[in-house]
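Colleague: Here you go, one structure.
The values are calculated or read from the model by the stated rules, or taken from the named source; none is laboratory data. No experiment lies behind these values; they were computed from the predicted model shown. Positions of Cβ are backbone-derived with ideal geometry, glycine not excepted, and every protein chain shown enters the neighbour counts. For accessibility, only protein heavy atoms count, side chains too; no ligands or nucleic acids. Shrake-Rupley method; radii C 1.70, N 1.55, O 1.52, S 1.80 Å.
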2 protein chains.
Amino acid sequence: MESLPIHITINPELYTKNPESSDLGKKIVQTSIEMINDLGFESFTFRKLGVAIGSNESSIYRYFESKHALLVYLINWYWSWIEYKLVFATTNITSAKDKLNIAITLFTQEVKEDNSFTFINEILLNKIIISESVKAYHTKDIDEENKKGFYKTYKRVVQRVSDMVLEINPKFEFPHMLISTVIEGAHHQRYFSQHLPSLTDVEEGKNNVVRFYTDLVQKTIV
Amino acid sequence: MESLPIHITINPELYTKNPESSDLGKKIVQTSIEMINDLGFESFTFRKLGVAIGSNESSIYRYFESKHALLVYLINWYWSWIEYKLVFATTNITSAKDKLNIAITLFTQEVKEDNSFTFINEILLNKIIISESVKAYHTKDIDEENKKGFYKTYKRVVQRVSDMVLEINPKFEFPHMLISTVIEGAHHQRYFSQHLPSLTDVEEGKNNVVRFYTDLVQKTIV
DNA sequence: CTCGATTTAATAGTAATACTTTCATATCTT
DNA sequence: AAGATATGAAAGTATTACTATTAAATCGAG
């Protein structure tokens, strides 16, 4: 699975010029991931990115109209990638319970390998999702952006897994709540384990996040 | 309970000058809550607040060193208030299960009344917690601020309720994860229900958030 | 290989933000 | 009434998040 030369297509509304269409574009995305990780989203600027890649600020603006737009692009890329992994990993598996467990693991485990079939480092991107993604959708423009389809990929992933829940228990009332709780919850737990450890029970090498949410889902949907 | 003239004390590290010590200070806090709700945290500025209260920007800086500091103050006020309600509502209740249910309800229900024993509107403050609180602790300075005790109140509330979980099932491995998942999850669900409804199953007047999390906790800790 | 189109770079500029500083004035305290 | 403290007014700074203009480099088609 990991080495297939797949290609992730991103909704053209999410960029001004497709960053995949040029070396500069790829460099922008690739380096922005590193810099957002290092500096945090607030301290990251297009000016600094320009300096880092030896390119001009104004050139970056031809690809993304703002750093917010770039973050939204990255988030969409991430969810497209997760969706691909999800579909691939659950194809030909008949048991709904097995499929659901695969999905929960995918959402809650730490990303530890960069498949490098693209210019995007998935380990770092996962870290950005954990630390910065809430900033993308907690803005005053959320409704407008949602209308434009900026969060479609994420919503589609939640829908797919909610359907698995309903396959197991068609009477379960809150499948979307459950799945979005697991996804956002797992991100928070990873963040807390680094910065506010007394809010969590994560222990090195014990896979607690995956175990906790897997168990929680199984018990809740009965 | 609601009409007791209680007083909430805030850690002095969280302000430069105590806003409760003057009319101006109270007006700053009171009006900032309204403005953050109206404008969102990003568009809210001390300059705008100064205009709104007919006071000078520089005077506001004498109370809070930045708008981030003000947000952290508000969050702490909120958690102190919740802690008070929690302790009050669970005193003299012997059943650990009952206590836990009271706590979960407190965390997940919408705040609908402003007790107005203070200058703070708790309905609006709850909305700020839902929409903006993640911005307070998703910053590069989190570790430093955590060391200074900025998030102590929140952590103490989580600890109290984790202890209730352990009272019911002393072998449960992940009490902190469970409680922080419920708290953050409930905030997300409220936010999603307004802005990204396909990520949730909230319905008007059906109390779904409370029901979902109450049920989830009961099943998970067994 | 060259002409025209496209892409990128360089430079400058703008409005707003998030403060800081200084000094004057008002108010409150004893 | 004097001194201390709180607030206001005004100006200033560095940075941000862009936009605009023009020139240079590069690329692709005939």
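Colleague: What number of residues within region B:48-74 satisfy the criterion of being more than 6 Å from DNA strand C (Cβ to nearest atom), in a helix (DSSP H, G or I) and open to solvent by 50 Å² or more (accessible area, probe 1.4 Å)?
Modeller: Summing the residues that are more than 6 Å from DNA strand C (Cβ to nearest atom), in a helix (DSSP H, G or I) and open to solvent by 50 Å² or more (accessible area, probe 1.4 Å) in region B:48-74 gives 3.
Colleague: Same structure again: Give region B:53-73 a look and list any residue that's of a type outside the set (S, T, N, Q) and without any contact (Cβ under 8 Å) to a residue 60 or more places away in the chain, or say none.
Modeller: Within region B:53-73, B:Ile53, B:Gly54, B:Glu57, B:Ile60, B:Tyr61, B:Arg62, B:Tyr63, B:Phe64, B:Glu65, B:Lys67, B:Ala69, B:Leu70 qualify.
Colleague: Here is a further query. For region A:101-120, state whether one or more residues are assigned to a loop (DSSP other than H, G, I, E, B), away from DNA strand C (no atom under 14 Å from the Cβ), within 15 Å of A:Ile183 (Cβ to Cβ) and in contact (Cβ under 8 Å) with a residue 60 or more places away in the chain.
Modeller: yes
Colleague: Now, a different point. Can you name every residue in region B:31-66 that is within 17 Å of the chain's Cα centre (by Cα) and either within 14 Å of DNA strand D (Cβ to nearest atom) or at pLDDT below 95 (or both)?
Modeller: If the condition is that a residue be within 17 Å of the chain's Cα centre (by Cα) and either within 14 Å of DNA strand D (Cβ to nearest atom) or at pLDDT below 95 (or both), then B:Phe41 is the only one that fits.
Colleague: Closer than 30 Å to B:Ser43 by Cβ, crowded, with 20+ Cβ neighbours inside 10 Å, among the polar types (S, T, N, Q) and more than 7 Å from chain A (Cβ to nearest Cβ): does that describe B:Ser133?
Modeller: On the way: closer than 30 Å to B:Ser43 by Cβ: yes; crowded, with 20+ Cβ neighbours inside 10 Å: yes; among the polar types (S, T, N, Q): yes; more than 7 Å from chain A (Cβ to nearest Cβ): yes.
Judged against the criteria, B:Ser133 is a match.
Colleague: Condition first: over 14 Å from B:Ile8 (Cβ atoms), in contact (Cβ under 8 Å) with a residue 40 or more places away in the chain and of a type outside the set (Lys, Arg). Now tell me which residues in region B:122-133 satisfy that. Walk me through it before giving the result.
Modeller: Start the filter on region B:122-133 by keeping residues that are over 14 Å from B:Ile8 (Cβ atoms), which leaves B:123-124, B:126-133.
From the residues that got through so far, the ones that are in contact (Cβ under 8 Å) with a residue 40 or more places away in the chain too are B:124, B:126-133.
Answer for region B:122-133, where residues must be over 14 Å from B:Ile8 (Cβ atoms), in contact (Cβ under 8 Å) with a residue 40 or more places away in the chain and of a type outside the set (Lys, Arg): B:Leu124, B:Asn126, B:Ile128, B:Ile129, B:Ile130, B:Ser131, B:Glu132, B:Ser133.
Colleague: Next question. Being within 15 Å of the chain's Cα centre (by Cα) and away from DNA strand D (no atom under 12 Å from the Cβ) is the requirement here; does A:Ile93 meet it? Show your work before the answer.
Modeller: Values: within 15 Å of the chain's Cα centre (by Cα): no; away from DNA strand D (no atom under 12 Å from the Cβ): yes.
No.
Colleague: Same structure, new question: Conditions first: (1) closer than 30 Å to B:Ile128 by Cα; (2) open to solvent by less than 50 Å² (accessible area, probe 1.4 Å); (3) within 16 Å of the chain's Cα centre (by Cα); (4) charged (D, E, K, R). A:Arg156 passes all but one, so which condition is the exception?
Modeller: Here A:Arg156 clears every test but (2).
Colleague: Looking for whichever is loosely packed, with under 15 Cβ neighbours inside 10 Å and either more than 22 Å from A:Ser131 (Cα to Cα) or near DNA strand C (Cβ under 10 Å from one of its atoms) (or both) here; the options are A:Thr90, A:Thr9. Which one fits? Spell out how you get there, then give the answer.
Modeller: Details: A:Thr90 fails: loosely packed, with under 15 Cβ neighbours inside 10 Å.
After applying the criteria, what remains is A:Thr9.
Colleague: Look at B:Phe150 and say whether it is more than 16 Å from B:Trp79 (Cα to Cα), more than 8 Å from chain A (Cβ to nearest Cβ), open to solvent by less than 30 Å² (accessible area, probe 1.4 Å) and part of a loop (DSSP other than H, G, I, E, B). Quick ask: steps written out before the conclusion?
Modeller: On the way: more than 16 Å from B:Trp79 (Cα to Cα): no; more than 8 Å from chain A (Cβ to nearest Cβ): yes; open to solvent by less than 30 Å² (accessible area, probe 1.4 Å): yes; part of a loop (DSSP other than H, G, I, E, B): yes.
When the stated conditions are applied, B:Phe150 does not pass them.
Colleague: Then there's this: Of all residues in region B:28-52, count the ones that are in contact (Cβ under 8 Å) with a residue 60 or more places away in the chain and farther than 13 Å from B:Ala69 by Cβ. Spell out the reasoning first.
Modeller: Step one: of region B:28-52, the residues in contact (Cβ under 8 Å) with a residue 60 or more places away in the chain are B:29-30, B:33-34, B:36-37, B:40-41.
From the residues that got through so far, the ones that are farther than 13 Å from B:Ala69 by Cβ too are B:30, B:33-34, B:36-37, B:40.
Going through region B:28-52 one residue at a time, the tally reaches 6.
Colleague: Please work out if B:Glu144 is charged (D, E, K, R), surrounded by 15 or more Cβ atoms within 10 Å (Cβ to Cβ) and within 12 Å of chain A (Cβ to nearest Cβ).
Modeller: Details: charged (D, E, K, R): yes; surrounded by 15 or more Cβ atoms within 10 Å (Cβ to Cβ): no; within 12 Å of chain A (Cβ to nearest Cβ): yes.
No, not satisfied.
Colleague: Given the conditions (1) closer than 24 Å to A:Ala136 by Cβ; (2) polar (S, T, N, Q); (3) under 21 Å from the mean Cα position of the chain (by Cα); (4) at pLDDT below 95, report the number of the one that A:Ser21 does not fulfil.
Modeller: All conditions pass for A:Ser21, except number (3).
Colleague: Got a number for residues in region B:159-175 being open to solvent by 10 Å² or more (accessible area, probe 1.4 Å) and within 10 Å of chain A (Cβ to nearest Cβ)?
Modeller: Of the residues in region B:159-175, the ones open to solvent by 10 Å² or more (accessible area, probe 1.4 Å) are B:159-160, B:163-164, B:166-174.
Next, from what is left, pick out any that are within 10 Å of chain A (Cβ to nearest Cβ): B:159, B:172-174.
Summing the residues that are open to solvent by 10 Å² or more (accessible area, probe 1.4 Å) and within 10 Å of chain A (Cβ to nearest Cβ) in region B:159-175 gives 4.
Colleague: If a residue must be facing chain B (nearest Cβ under 7 Å), under 15 Å from B:Leu178 (Cβ atoms) and buried (at least 20 other Cβ atoms within 10 Å of the Cβ), how many such residues does region A:176-222 contain?
Modeller: Qualifying residue count, region A:176-222: 12.
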